[in-house]
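Below is one structure, written out as structure tokens, with a few remarks after it.
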Amino acid sequence: MIAVIVALLVVIYSVIIPLTKWYRKRAALVQVIDKIPGPKAYPLIGTTYEFFGVDRKDLFKVFKDVVKIDPYIARSWMGLIPEVTLMKAEYAEAVINSRKNLDKPFSYNYIKLWLGEGLLTSTGDKWHKHRKIITPTFHFSILESFCEVFAEKSKILVERLSHHADTDAPINIHTFVTRAALDIISESAMGIEIDCQTQHQNEYVDAVYEISELIMHRILRPYLAPDIIYRNTTSGKKFKKCLDILHNFTKDVILNRKAAREENKRKGVAPKKRQAFLDLLLDANENQNLLTDDDIREEVDTFMFEGHDTTAAGISWTLYVLGLHPDIQQAVFDELDHIFKGSDRPATLDDLSEMKYLERVIKETLRLYPSVPFVGRILSEDVQLDQYTLPKGTMVTIAIYFLHRDPRFFPDPEKFDPDRFLPENTVSRHPYAYLPFSAGPRNCVGQKFAMFEEKSVLSSIIRNYKIISVETTDEIDLMAELILRTHNGINVKLERRHV
């Protein structure tokens, strides 16, 4: 009898009491989260039923329906995990302006397998330390040296596009721009030429393309979350192969660069005037010994990932909207003609700084089609948003795509109007109403680099070609994944300019 009582007590203390505590805590969380508007949730599956059987190209349409419940905040349940989507500038500021809410959601763990703990994925002391080291590398003189890379690769792009100009056949401009962006970032980040615009077979480039698709494939399939399951799938094996290619490539580049630098020092050879991001990291490491080789590899990989897809999307979307608005495209060309006076010389940093109207066009494009449509955080503290409480640990998504369409700050939000970004029209706008490069402590460290790159590539194309978009905004299927893109690409026709 005593043994039975003891066993019963063990069960009560080891199982029933913890379960009761968990249930009470869970019930309190559900009560708080479910005060936020959102679709009906069911046990275990939450609101994921909204996406059951939906084709990948239609996922964004379903998400748009979910967030229509309230224009500024929406609640969903990813199984047992609460997610709150924010679409209001004031709400976004409360979350991402905090120096505490710096952690990224679990979906970033899939990217972390490639990037390690670079600026995009790291947290805590490591993120603060690396951010402090990296931010000064983007000073004015470095950006000026990168302009040479922008111009060189843009010239190749213009030549590649010439084979498709003055024909009735449209092209997916995004594929051409992506290869140019990869050429730019590889030379800017690593100081090497991969020539993917002219050499279409490149193991590293193919791995970059494939791993991005594999990451998205895994994110969209929750049953692949456990590593023990994923690594035994066909997708998981492909991911491992890509990962080995990418990591080995970057490690070899770093080792070779370090050896070359040592050899140059031994021979008394002065460093090149144009230094890559990798050189700047190695300089910082030699001066203060703050970074390991793995740290450097993670940051270089991060810039390769973040520095090509996002800018390629921004450039491609800008070409698309210019192809829909011939009058605005002509105004951009007139500005460029005023700067270059018919010359085909490469653009300098001064030229790029003078492209005020083109800059407004790019900004308005990024408002309607932000390269990164969503950013995520895990709350490190409770956050109060008007009548709603978001408890510590809640997964929060800032829906930049929808936030940019707030009619309080952007009247007639679907209209393309570059004059929204005239100084007099931005001075009183809420600072978190426009977040193409995020904001707060974790804003994009390379946003000036990106803007200058986009100006350089766009100005090269527009000086040589007229762009004609072949699909209206109603005819494209948006896909808001790692970047904002379309299901069938961004298709345009090109006509040579005859000035």
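The values are calculated or read from the model by the stated rules, or taken from the named source; none is laboratory data. What you see is a predicted model, and the numbers here were worked out from it, not measured in a lab. Quick reminder, even Gly has a Cβ in these numbers, built from the backbone with ideal geometry, and neighbours come from all protein chains shown. Side chains are part of the model used for accessible areas, which takes the heavy atoms of the whole protein and leaves out ligands, DNA and RNA. Shrake-Rupley method; radii C 1.70, N 1.55, O 1.52, S 1.80 Å.
Here are a few things to note about the model shown:
- Annotation for Lys238 and Asp327: the two label points, set 7 Å from Cα along the Cα-Cβ direction, are 4.6 nm apart.
- Protection proxy ranking of 291-304, 370-383, 187-200, by the mean of other Cβ atoms within 10 Å over each peptide's residues and highest first, is 291-304, 370-383, 187-200.
- Lys35-Glu144 FRET efficiency (beta carbon distance; Förster radius 51 Å; 0.05 resolution): 0.45
- Shown here is the pair-distance distribution of segment 116-169: with all Cα-Cα distances grouped in 10 Å bins from zero up to the longest one, the shares run 19, 24, 24, 19, 12, 2 percent.
- Across the cross-link table entries Lys35/Lys68; Lys129/Lys251; Lys129/Lys240; Lys100/Lys392; Lys356/Lys455; Lys100/Lys129, which are compared at the Cα atoms, the separations over 18 Å belong to Lys129/Lys251; Lys129/Lys240.
- Considering only the Cα atoms of segment 41-89, their convex hull presents on average a projected area of 3.6 nm².
- P(r) of segment 211-289 over all Cα-Cα pairs, binned every 10 Å from zero, in whole percent: 15, 33, 17, 21, 12, 2
- Using the Stokes-Einstein relation with a Kirkwood hydrodynamic radius computed over Cα pairs, the translational diffusion coefficient of segment 167-239 at 25 °C and a viscosity of 0.890 mPa s comes to 170 µm²/s.
- Solvent exposure of the chain as accessible area per residue, Å², 1.4 Å probe: 47
- Stretchable slack from Asp283 to Arg496, in nm (0.36 nm times residue separation minus alpha-carbon distance): 72.2 nm
- The listed peptides 177-183, 235-241, 254-260, ordered by packing as a protection proxy, come out as 177-183, 235-241, 254-260 (highest mean of other Cβ atoms within 10 Å first).
- Each label point was placed 7 Å from the Cα along the Cα-to-Cβ direction; for Arg345 and Gln447 their separation is 3.2 nm.
- Relative contact order computed over the chain (Cα-Cα under 8 Å; 6+ residues apart), in percent: 25
- Pairs of alpha carbons in the chain whose separation is greater than 44 Å (percent): 18
- Per-residue ellipticity at 222 nm computed for the chain from its helices equals -17000 deg cm²/dmol, with DSSP H segments shorter than 4 residues left out and the rest contributing -39,500 (n - 2.57).
- Expressed as a whole percent, the proportion of Cα-Cα pairs in segment 432-499 lying more than 14 Å apart is 73%.
- Convex hull of alpha carbon positions in segment 118-229: directionally averaged projected area 10.8 nm².
- Simple spin-label estimate for Arg160 and Asp125 in nanometres, 7 Å along Cα-Cβ: 4.4
- From the alpha carbon centroid of segment 434-499 to that of segment 185-245 is 23 Å.
- Residue-normalised convex hull volume from the C-alpha trace of segment 32-128: 140 Å³ per residue.
- Solvent-accessible area, 1.4 Å probe, carbon plus sulfur percent, for the chain: 55
- Relative contact order %, segment 42-114, counting alpha carbon pairs below 8 Å whose residues are six or more apart: 26
- Using Cβ point charges alone (K and R +1, D and E -1), the dipole size of segment 234-307 about the Cα centre works out to roughly 420 debye.
- Mean projected area in nm² (Cα convex hull; one quarter of hull surface) for segment 278-331: 5.1
- In the distance distribution for segment 368-499, Cα-Cα pairs more than 21 Å apart total 58 percent.
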